[in-house]
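Novice: Take a look at this one; I'll ask things after.
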């Protein structure tokens, strides 16, 4: 067993540099023929095209622009049949922003527009996203620095609840509801070909990204149940969301089953500690993770993280309070920051102490110390120096931490702090 303290420091994420999204959202396969008439397309992750006698079913349209153009080019290099349906693997922005491009492509060929298919929860998700568009843009900017997301949401025209067989002539194609990363995730099952496209329900390159810092809850056991459902199909080939295709039936079953088992382990361990009265922080400090989380490629903390999962399970059963009485009815952030600063007789000593901790390699401890100054509401030269130091600490912490999302958020926060800011609100937001 291994504690969280050193869990991330052993291996760096080669796909990510300085919080940028280089390759982090790209599929591992590019363009590849799985079986005759079944193709992986390069999208946001691995998309899938399935050819029937008269047309094609597509899983995910890509993020639009050049990425979707490459998908179209790849598909047209092997078949000239029309795209009859586009299925949304899930409703996260970026995966289906390219739907309009495919519709335009059909129109240019004199063909009818493809039917857009998704789980019924996708429509509800898009209602929320339109209502909270400003929030979604800020979250995306912080989590994916430099990424260009179109925020184009075209509602599905056909939805289903649990399972649906698609009307593709000459090939059986079934859609399955597999709630996991989102409550509208679907998998594509080709029973005659014994090919399973798991999409976001099985990333393939990371431990399930449950509890991601900026997102809504993902419900660990629900995700485990979806993995168990997919494992029960007996697929010979598994197309993962980001990882390489798996074409060993035993390995397919093992990966899906092992993921479900480990997610259930997380639930048991966290619930046991909650029942003892432990707080979130106490659980994070106490829990020890199985060694194989470091050994299995599909369970490594490249995007998701064990700590995230612990936090998500805790949130399922607890409210927002961190059990510190001070936080029940706090003063404003600015006033509280000023009050803390007023109690410090030598702010420079605090900054110097944070610098010493940093130089000794205790970056996280240095962050805790510098917050005594950096969070002050009244901004003067000392506070700005503290925020600049905190920016440096964030960048250093990003090098220590393995999950991409944490790295990105450290770098995004550093950019704000370097500019002397704490709030995510831009000046135009206040006008």
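Novice: Within a 10 angstrom radius of the beta carbon, how do 73, 51 rank from fewest other beta carbons to most?
Specialist: 73, 51
Novice: Would you mind calculating the gained length between residue 294 and residue 423 on full extension (0.36 nm times residue separation, minus the Cα-Cα distance), in nm to one decimal?
Specialist: The residue 294-residue 423 span can extend by a further 42.9 nm.
Novice: Give me log10 I(q)/I(0) at q = 0.12, 0.15, 0.23 Å⁻¹ for the range 330-430, Debye formula, one equal scatterer per alpha-carbon, no solvent.
Specialist: Taken in order of the listed q values, log10 I(q)/I(0) reads -0.39, -0.60, -1.23.
Novice: With just the Cα atoms defining each centre, how far is the range 372-418 from the range 86-109? Give it in Å.
Specialist: 38
Novice: Would you look at the GNM of the chain, springs on alpha carbons closer than 10 Å, and say which of 165, 59, 245 moves the most?
Specialist: 165
Novice: Given points 7 Å out from each Cα along the Cα-Cβ axis, report the residue 364 to residue 151 separation in nanometres with one decimal.
Specialist: In this crude label model, residue 364 to residue 151 measures out at 3.4 nm.
Novice: Just to be sure I understand: of the beta bridges DSSP finds with both ends in the range 65-222, what percent are antiparallel, rounded to 5?
Specialist: About 60 percent, rounded to the nearest 5.
Novice: Hey, what's the per residue convex hull volume over the C-alpha atoms of the chain, in cubic angstrom? Walk me through the intermediate numbers first.
Specialist: Details: hull volume 65.2 nm³, N = 431.
Dividing the Cα hull volume of the chain by its residues yields 151 Å³.
Novice: Treat the range 126-188 as a sphere of radius equal to its Kirkwood radius over Cα pairs and apply Stokes-Einstein at 25 °C in a medium of 0.890 mPa s; give the translational diffusion coefficient in µm²/s, rounded to a whole number.
Specialist: Answer from the Stokes-Einstein relation: 171 µm²/s.
Novice: Quick one: order 180, 108 by neighbouring beta-carbon count within 10 Å, fewest to most.
Specialist: Ranked by crowding around the Cβ, least crowded first: 108, 180.
Novice: While we're looking at this one, here's another question. What FRET efficiency do you get for residue 35 and residue 324 if R0 is 51 Å and r is their Cβ-Cβ distance, rounded to the nearest 0.05?
Specialist: My answer for the efficiency is 0.35.
Novice: Can you give the Rg/Rh ratio of the range 32-263, where Rg is from the C-alpha atoms and Rh is the Kirkwood radius?
Specialist: That ratio is 0.94, to two decimals.
Novice: Pull out the extension gain between residue 69 and residue 214, defined as 0.36 nm times the separation in residues minus the alpha carbon to alpha carbon distance; nm, one decimal.
Specialist: 49.2 nm
Novice: Consider all pairwise Cα distances in the range 35-147 and report the whole-number % of them above 20 Å.
Specialist: Considering the range 35-147, 42 percent of its Cα-Cα pairs are separated by more than 20 Å.
Novice: Now a separate question. Between 251, 107, 360, where does the largest GNM mean-square fluctuation fall for the chain, given springs only between Cα atoms within less than 10 Å?
Specialist: Maximum fluctuation in the GNM of the chain, among the listed residues, is at 360.
Novice: Work out the FRET efficiency for residue 345 and residue 120 from their Cβ-Cβ distance, taking R0 = 45 Å, and round it to the nearest 0.05.
Specialist: The calculated FRET efficiency here is 0.15.
Novice: If I build a Gaussian network model for the chain, linking alpha-carbon pairs within less than 10 angstrom, which residue out of 341, 196, 328 has the largest mean-square fluctuation?
Specialist: Comparing 341, 196, 328 in a Gaussian network model of the chain, the most mobile one is 328.
Novice: Measure nothing but the geometry: give the 0 to 90° angle between the long axis through the Cα atoms of 306-317 and the longest principal axis through the Cα atoms of the chain, rounded to 10°.
Specialist: Roughly 90 degrees between the two axes.
Novice: Would you mind checking the tilt of helix 121-131 against the longest principal axis of the Cα atoms of the chain, expressed as 0 to 90 degrees and rounded to 10?
Specialist: 50
Novice: Nearest 5 is fine: what % of DSSP beta bridges in the chain come out antiparallel, could you say? Intermediate values should be presented prior to the final figure.
Specialist: Details: 27 of 42 bridges.
Of the beta bridges lying entirely in the chain, close to 65 percent run antiparallel.
Novice: Okay, moving on. Restricting everything to alpha-carbon atoms, can you work out Rg to Rh for the range 94-167 with a Kirkwood hydrodynamic radius? Mind dumping the intermediate values first?
Specialist: On the way: Rg = 14.7 Å, Rh = 14.2 Å.
For the range 94-167, the value is 1.04.
Novice: If I fit a long axis through the Cα atoms of helix 347-359 and take the longest principal axis of the Cα atoms of the chain, what angle between them do I get, 0 to 90°, rounded to 10?
Specialist: So the helix axis and the longest Cα principal axis differ by about 50 degrees.
Novice: OK, next. Fewest Cβ neighbours within 10 Å first, please rank 169, 124 accordingly. Spell out each step's value before the answer.
Specialist: On the way: 169 9, 124 13.
With the fewest neighbours first, 169, 124 line up as 169, 124.
Novice: Based on DSSP H runs of at least 4 residues, each adding -39500 (n - 2.57), what is the mean residue ellipticity at 222 nm of the chain after dividing by all its residues, to the nearest 500 deg cm²/dmol?
Specialist: -13000 deg cm²/dmol
Novice: Also: Estimate the FRET efficiency between residue 258 and residue 194 by the formula 1/(1 + (r/R0)^6), using the beta-carbon distance for r and 25 Å for R0, to the nearest 0.05.
Specialist: So, using R0 = 25 Å, E works out to roughly 0.80.
Novice: At residue 384 and residue 76, where each label point lies 7 Å from the Cα along Cα→Cβ, what is the point-to-point distance in nanometres?
Specialist: Modelled inter-label distance: 5.5 nm.
Novice: Here's something else I'd like to know. Taking every eigenvalue of the Cα gyration tensor of the range 201-277, multiplying by 5 and rooting it, what semi-axes result, largest first, whole Å?
Specialist: Whole-Å semi-axes of the equivalent ellipsoid: 26, 15, 9.
Just so you know, all these numbers are worked out from the coordinates, no wet-lab data involved. Please read these numbers as outputs of a predicted model, since none were measured by experiment. Don't worry about glycine lacking a Cβ; one is built from the backbone with ideal geometry, like all the others, and counts go over all protein chains shown.
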